[in-house]
Every structure is written in C-alpha cells, then in structure tokens.
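S.K.: Following this message is one structure expressed as structure tokens.
The values are calculated or read from the model by the stated rules, or taken from the named source; none is laboratory data. Just so it is clear, the model here is predicted, and its values are computed rather than measured. Heads up, the Cβs are rebuilt from the backbone with ideal geometry, glycines too, and the neighbour counts pull from every protein chain shown. We work out accessible area using only protein heavy atoms, side chains counted, and drop any ligands, DNA or RNA first. Shrake-Rupley method; radii C 1.70, N 1.55, O 1.52, S 1.80 Å.
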Amino acid sequence: RGWISQKLLDYVADDMTSLVIDRISHMHIPDESGEEHSIQYEFNNFVVKSVGLAPSLRFVAGQGLSISIAQIQATITCNWKYREKHRPHIPHGSGTADIHIDSGTRADGVLVPGVDATSHPTIGLSSLHVNVDLGKITIHGSLLDWLYKELIKLVKGKIQPSVADGVNDAISGFVADDLAKKLAALPLQLPLALSPPFDVALFDVSFDALE
C-alpha cells in the first residue's frame, strides 16, 4: 500500500512556488489602441513584475486533493501615449502606469490522482476557479481625464480577464508539465527481494518527497 503524506503535499506546494511565479511573470497581455475625439492612444509593453503567492495542497475527502494559490500579488507595468491625429498633433503625451494586483487574488481547484496502465501515478486538475482582486492604478505622466477612464475600462474589461487566464494557465501548466512528469517517473510496483512462490507480501510505503 502506498500512502501520500501531508509532508509530500507540503513539499510539492513549496516546489511549485517558484515555477508558478515564473509562469505568471511571463504571461502575455496584448497591447491596446484606439481613437476618441480625434485623439489616438495606445497602451503597450505590459510587463508582470514582483509576483508573490502562497500555494497549499490539502486532502479533500471523496474528491482528491485541493490546490489553493492564495495571496497572489503582482504589479503590471505598461507604457501609454496619445496624440491628436491632425497636425500639429497637439495635445500629445506619454508615460507609464502601474496596475496593482492585490493579495485577495487567489485560485482554487481540485487535483484528481490516478494510476495509468503502466502502474505509474497520474494527476489531473479540475474545477479551477480564479478570482482577481484589482488594486490601485498609478499613473506616471500627465494623462488626459477621459483617457484615464479608458485605462480603467481596459483594466476591468481586458487586463483583469487576461490575469485570470494567465493564472489559470500557470497552474494548469504546472500540473500538466511539471507535477505530472515527476509523478510519471514514480513506479508504484516495486519488486520484492523474494523468489517464487514467496514473492507475495503486503507492505506500506509513505511518499514524503518527489525528486
């Protein structure tokens, strides 16, 4: 019999921290441009910085393992610019903005373990829900009033869903690419140091770490 200990779950949670942070840090947020009142504007070069999070894994009776990524925090920086499309292109301006993702951001799901035909463990992810807690937006430079409102619309309408998708992809990718590969290398059938007909026995194995 094989037992998965809470120590193993804590080990995996600790191991996943840097991997999920790296995935979130590299998520893609598309540029946005438009025109309003003959003023052309653009928000671009979105970069995710200062990512922090607190993952945990727990047993859930009758379901499998719960996976929670709490206290997800990040700062998303971007460039912005605008100008009147007609000459002499006045008014015009440019600057940067910081969009803060606050610690109320979290992701919760269920990991479903199994065993494949070769007696190696498998893991699947289901019911993943991501909630994004938007924080303050800091503007560097002189941004027109209506353009600031356009940025707010952009953050709520496109950036917030992009962050949710990015967190979802980061966790799904960790489970599918990192965790599943480690588990796939772990054999659940172990040979006994006994010759037939005595090679039948019952023994317990407790898994505490994955290498």
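S.K.: Among (1) open to solvent by 30 Å² or more (accessible area, probe 1.4 Å); (2) assigned to a helix (DSSP H, G or I), there is one condition residue 28 misses while meeting the rest; what is its number?
M.R.: (2)
S.K.: Follow-up question, since we're still on this one. On the basis of being in contact with a helix residue (DSSP H, G or I) (Cβ under 8 Å, 6 or more places away or on another chain), in contact (Cβ under 8 Å) with a residue 24 or more places away in the chain, surrounded by 13 or more Cβ atoms within 10 Å (Cβ to Cβ) and of a type in the set (S, T, N, Q), does residue 56 make the cut?
M.R.: Details: in contact with a helix residue (DSSP H, G or I) (Cβ under 8 Å, 6 or more places away or on another chain): yes; in contact (Cβ under 8 Å) with a residue 24 or more places away in the chain: yes; surrounded by 13 or more Cβ atoms within 10 Å (Cβ to Cβ): yes; of a type in the set (S, T, N, Q): yes.
Answer is yes for this residue.
S.K.: Sticking with this one: Name every residue in the range 74-126 that is basic (Lys, Arg) and surrounded by 14 or more Cβ atoms within 10 Å (Cβ to Cβ), in order of residue number.
M.R.: Scanning the range 74-126 gives 81, 83, 106.
S.K.: Further, regarding this structure: How many of the residues in the range 104-147 are on the phi < 0 side of the Ramachandran plot, at pLDDT below 90 and not aliphatic (A, V, I, L, M)?
M.R.: 12
S.K.: Report yes if residue 76 is under 22 Å from residue 143 (Cα atoms), touching a residue at least 60 places away in the same chain (Cβ under 8 Å) and part of a strand (DSSP E or B), otherwise no.
M.R.: Criteria met by residue 76.
S.K.: Pick from 20, 48, 60: which is of a type in the set (A, V, I, L, M) and more than 19 Å from residue 183 (Cβ to Cβ)?
M.R.: Working: 20 fails: more than 19 Å from residue 183 (Cβ to Cβ); 60 fails: more than 19 Å from residue 183 (Cβ to Cβ).
Of the residues listed, the single one that is of a type in the set (A, V, I, L, M) and more than 19 Å from residue 183 (Cβ to Cβ) is 48.
S.K.: Okay, next question. Condition test on residue 34, is it loosely packed, with under 15 Cβ neighbours inside 10 Å and within 24 Å of residue 23 (Cβ to Cβ)?
M.R.: The answer is no for residue 34.
S.K.: Let me confirm something: among 98, 22, 102, which residue is free of Cβ contacts under 8 Å to residues at least 24 places away in the same chain and either closer than 20 Å to residue 136 by Cα or touching a strand residue (DSSP E or B) at 6+ places or on another chain (Cβ under 9 Å) (or both)?
M.R.: Numbers: 98 fails: free of Cβ contacts under 8 Å to residues at least 24 places away in the same chain; 102 fails: free of Cβ contacts under 8 Å to residues at least 24 places away in the same chain.
After ruling out the rest, the residue left standing is 22.
S.K.: Ok, one more. Go through the range 89-140 and report how many residues are closer than 30 Å to residue 61 by Cβ and either part of a strand (DSSP E or B) or of a type outside the set (A, V, I, L, M) (or both). Before the answer, list the steps.
M.R.: Filtering the range 89-140 for residues closer than 30 Å to residue 61 by Cβ gives 103-133.
Still in the list and also either part of a strand (DSSP E or B) or of a type outside the set (A, V, I, L, M) (or both): 103-116, 118-131, 133.
Residues flagged as closer than 30 Å to residue 61 by Cβ and either part of a strand (DSSP E or B) or of a type outside the set (A, V, I, L, M) (or both) within the range 89-140 amount to 29.
S.K.: Output the number of residues of the range 138-171 satisfying the condition of being β-branched (Val, Ile, Thr) and crowded, with 17+ Cβ neighbours inside 10 Å.
M.R.: 5
S.K.: Now for a different question. Considering only residues of the range 15-25 that are open to solvent by 20 Å² or more (accessible area, probe 1.4 Å) and within 20 Å of residue 110 (Cβ to Cβ), which is modelled with the lowest pLDDT?
M.R.: In this case the residue turns out to be 15.
S.K.: Additional query: Can you tell me which of 174, 207 is buried (at least 17 other Cβ atoms within 10 Å of the Cβ), modelled with pLDDT under 85 and closer than 24 Å to residue 14 by Cβ?
M.R.: So the residue among 174, 207 that is buried (at least 17 other Cβ atoms within 10 Å of the Cβ), modelled with pLDDT under 85 and closer than 24 Å to residue 14 by Cβ is 207.
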